[in-house]
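Heads up, the thing below is written out as structure tokens.
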Amino acid sequence: WTVTDSCAAPITCSASFTVPPAVVPTITCPTDPNLPACTDQATIQNEYNNWADGFTYSGGCDDPTDNIDEIPPLTDMTCGGQLSFTYIVADLCDTVECTSTFTVAGDTIPPATTCPPDANYEACDLSIIQTETTLSYTETETTITLAELQAAGGTANDNCAIGEIIYFDDSTGICPITIIRTFTVTDECGNNDTCQQIITIDDTIIPEITCPPDTTIFTVTDTAPSYTGWATGTDNCDPNLQITYTDSIVPGNNPLEFTIYRIWEAADACDNKITCPQIIKTGDNTPPEITCPEDIDVECFELLDTSITGVATAIDECMPVTITFRDSSDNNWCPETIYRTWIATDNCGNSDECVQRITLNDTIPPEIICPADESYEACSIEEADTMLSLPYSETVRIITLDELLSAGGDASDNCSIKEINYFDASSGICPITIVRTFTVIDSCDNTDDCIQFITIKDSTPPVFDVCPPDITITCDQSTDTIVTGSP
């Protein structure tokens, strides 16, 4: 120290002060805690409190200060995180520090999700979805519970905890409707897993169809369904079935006659189809107009030919017309009346009739020519019979025209021969004369006859085989053949 006044010289003195070294503060930081993933917040809070309480100091001089108030506050670290704190303690002479880190391991494992199984439903629209899957159709993200997911047939689990389950639907197509249902499960740490369920809705049920009845129309003005009837149909889904038809036409025998095979088809919006047939026939039901030939008288059956008796004529809109006839008789005989019924039938099967009367009466007798007269050398009819062209018969014997011709005769009639017969009558001895009478009868019992003469005679003298020898007798002997001998 130096003291100086205004007059004297300064006076000085000195002194020494010694301050011993200060004691450095002792600081303690807690061991770095490492908490596992999925630790709950309460446990984290407790561990954090223990960690915070672990920052301490001792010693130092002049009331050291620390920064414990600056320790970072605890946040939600259930999904992991880290807090690091540098603890600083300072006194007048020294500053000391240490660092500790509070760590909670993060959850990086996503949930495990299983979607409800794919499904196929027979239905008409999306309205079936909630009934069948327990979850309604939605195109916006919709949150559900784990219980709702499980009720729909899915599952989800997480190593920690599930935070949210959402799903939404996306549909495409009409028949079928394909719904892609996307489920997303997110845990509390934001890890997520996604799966998709395919739901198919289709209508495969065939509609029911009722065809109009088969019909026949005779005035072919129009064959459209407005005249022949419409098919009707019902469907489980589509109230407005598309009903169409196609025609296949089979021509008939004329332009007015044909058959339409109409195939009706009912198709719903999913192209399920069913068909049924309707047969539509067209034709003509007006019979032809027929005109019979004039009534006529003829001699015999051979003259019943239409070239002689005439042919009916007919006209019709449905040409050509087929003309036939059938005959019936009054069963009388000469005269006999034939009723000839003429039938005109058009190509549509319509017919009309008229009757022509034909009187049949043959008054012209037949003609017969006998075989030429004959003569035979024989001793008796029996002997000659083997030589005769026809055997001897005293009763009427029927022969054919061929037999008559073979015998040298002939017969004819303007109509027809019903019968030829002959019989024999004999007389005399030498000669024997046979009178053979031939008769021809026509179909109306007109007759003609002729006579053939057959002569049987013996003109050959006998011949002796042996004469008795010449003999001489006395006058008193008898000349009887007993005596003289005989041939």
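The values are calculated or read from the model by the stated rules, or taken from the named source; none is laboratory data. Values in this document were obtained by computation on a predicted structure and should not be read as measured data. Glycine gets a Cβ as well: all are built from the backbone with ideal geometry, and neighbour counts include every protein chain shown. All accessible areas refer to the heavy atoms of the entire protein, side chains included, with ligands and DNA or RNA removed. Shrake-Rupley method; radii C 1.70, N 1.55, O 1.52, S 1.80 Å.
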Worksheet, complete the sentence: To the nearest 0.05, the calculated FRET efficiency linking Ile128 and Thr108 through their beta-carbon distance, R0 being 45 Å, is 0.65
Discussion item. I need two numbers for segment 223-304: Rg to one decimal and Dmax as a whole number, Cα atoms only, in Å.
Written reply: 24.7, 83
Discussion item. I'd like to check one number: the per residue accessible area of the chain, probe 1.4 Å, reported in Å² as a whole number.
Written reply: 58 Å²
Response to the item:
Note: Thr246 to Cys93 extended length (0.36 nm per residue) minus current alpha-carbon separation gives 43.8 nm
Worksheet entry | Theoretical gain in end-to-end length, Glu367 to Asp222 [0.36 nm per residue, Cα-Cα removed] | 45.2 nm
Discussion item. Take Thr155 and Glu317, extend 7 Å from each Cα along the Cα→Cβ direction, and tell me the distance between the two endpoints in nm.
Written reply: 8.3 nm
Worksheet item: Assigning unit charges at the beta carbon (Lys, Arg +1; Asp, Glu -1) and nothing else, what dipole magnitude in debye, to the nearest 20, does the chain show about its Cα centre?
Response: 980 debye
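Dipole size in debye (nearest 20) for segment 147-271 around its Cα centre, Lys and Arg Cβ +1, Asp and Glu Cβ -1?
500 debye
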Worksheet item: What value, in deg cm²/dmol to 500, does the helix sum -39500 (n - 2.57) over DSSP H runs of n ≥ 4 give at 222 nm once divided by the residues of the chain?
Response: -2000 deg cm²/dmol
Worksheet item: Got a sec? Charge dipole of segment 278-318, +1 on Cβ for Lys and Arg, -1 for Asp and Glu; which of Ala314, Pro287, Cys300 is way out at the positive end?
Response: Pro287
Item to complete: Would you tally the net charge around Lys281, using a Cβ to Cβ cut-off of less than 12 Å, leaving Lys281 out, and scoring K and R as +1, D and E as -1?
Response: -2
Worksheet item: At what distance in angstrom do the alpha carbon centres of segment 183-221 and segment 348-421 lie from each other?
Response: 94 Å
Practice prompt. Can you find, among Ala161, Tyr261, Leu146, the residue farthest towards the positive end of the dipole of the chain? Put +1 on the C-beta of Lys and Arg, -1 on that of Asp and Glu.
Written response: Ala161
Fill in: Estimated distance in nm for a label pair at Tyr339 and Thr182, the labels positioned 7 Å out from Cα along Cα-to-Cβ
9.7 nm
Practice prompt. Find which of Thr131, Asn191, Trp230 sits farthest along the positive direction of the dipole of segment 120-260, computed with +1 on the beta-carbon of Lys and Arg, -1 on that of Asp and Glu, about the Cα centre.
Written response: Trp230
Worksheet entry | Pairwise label distance in nanometres, Thr479 with Gln196, each label 7 Å out on the Cα-Cβ vector | 16.5 nm
Discussion item. With just the Cα atoms defining each centre, how far is segment 256-298 from segment 80-138? Give it in Å.
Written reply: 81 Å
Worksheet item: What is the calculated FRET efficiency for Phe464 to Phe423, with r their C-beta to C-beta distance and R₀ = 41 Å, to the nearest 0.05?
Response: 0.50
Worksheet, complete the sentence: Nearest 10, in degrees from 0 to 90: the angle of helix 41-53 to the longest Cα principal axis of the chain is 20 degrees
Practice prompt. For an R0 of 22 angstrom, estimate the FRET efficiency from the Cβ-Cβ distance between Asn331 and Thr291 and round to the nearest 0.05.
Written response: 0.20
